[in-house]
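Participant: Here it is, the structure in full.
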Amino acid sequence: MGLEIDPAVEAQAVKLYEQGEILFKDGRITEALKIFSEAAAMVPLKTKIGGQAYLQKAICLDSLGMNDEAYQIYNSLKGHNGPGVAKAARRFLFGWKAAKELKVEMRYDTGGSQAWSTYFEKFNSGNWAEYRAKQEESVEDEESAKYAARVATAVMLIPLALIASAIYLR
């Protein structure tokens with residue numbers, strides 16, 4: 001009933017898929033795309049490993065800015081019966097359609113990590129001004145703390161005194 005695949009070919013496709021996953025996680029997306037393409041070419045789309053390989057290929061294409069090619073693959077995977085493949089494809093299609101609707105069709109290069117480094121260097125350099133309170137500010141703080149302590153004590157003691165007097169008058 002299912003698709004007949006040579007176990008050796010399927011094992012080779014699984015091995016390529018796993019290599020592609022490692023490359024993808026390392027951020028080597030172009031190399032991962034080639035590996036996923038090889039794995040996808042070895043087995044039919046309707047197989048479990050075929051669907052996963054095509055999905056990862058589409059994700060790589062999407063990451064590299066080849067959105068239209070990725071869209072076509074996502075569309076072909078919408079009805080896939082592999083675990084999680086169709087669901088992931090539909091999610092990516094939703095994101096793709098949302099980007100189209102919001103007219104965010106291109107990713108703009110932000111200059112890489114260096115563009116944001118100036119915002120974080122000040123925190124990491126250790127060169128920041130330390131705030132030191134003036135003498136009159138510290139005196140005011142001490143007075144405020146004493147006043148707050150008195151108010152807190154009154155808030156606690158007044159109900160206790162009322163309860164004690166109610167018990168004593170009985």
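Participant: Write out, first by first residue and then by second, each pair whose Cβ atoms fall under 7 Å of each other, whose residues are 6+ apart or on separate chains, and whose first residue, in the range 37-64, is free of Cβ contacts under 8 Å to residues at least 12 places away in the same chain while the second is not in a helix (DSSP H, G or I).
Facilitator: none
Participant: Residue by residue through the range 85-101, note down the ones that are loosely packed, with under 12 Cβ neighbours inside 10 Å and either of a type in the set (Asp, Glu) or closer than 21 Å to LEU23 by Cα (or both).
Facilitator: GLU101
Participant: Is it true that LYS97 is over 30 Å from ALA70 (Cα atoms) and at pLDDT below 90?
Facilitator: no
Participant: Looking at the range 23-33, can you tell me whether even one residue there is under 23 Å from SER76 (Cα atoms), out of contact with any helix residue (DSSP H, G or I) (no Cβ under 6 Å at 6 or more places or on another chain), of a type in the set (Lys, Arg) and modelled with pLDDT under 95?
Facilitator: The answer is no; no qualifying residue exists.
Participant: Continuing with the same structure: Take the range 32-77 and flag every residue that is over 24 Å from ALA11 (Cα atoms) and among the hydroxyl-bearing types (Ser, Thr, Tyr).
Facilitator: SER63, TYR71, TYR74
The values are calculated or read from the model by the stated rules, or taken from the named source; none is laboratory data. Owing to the predicted nature of the structure, the values given are computational and were not obtained by experimental measurement. Here Cβ is always computed from backbone atoms with ideal geometry, including for glycine, and neighbour counts include all displayed protein chains.
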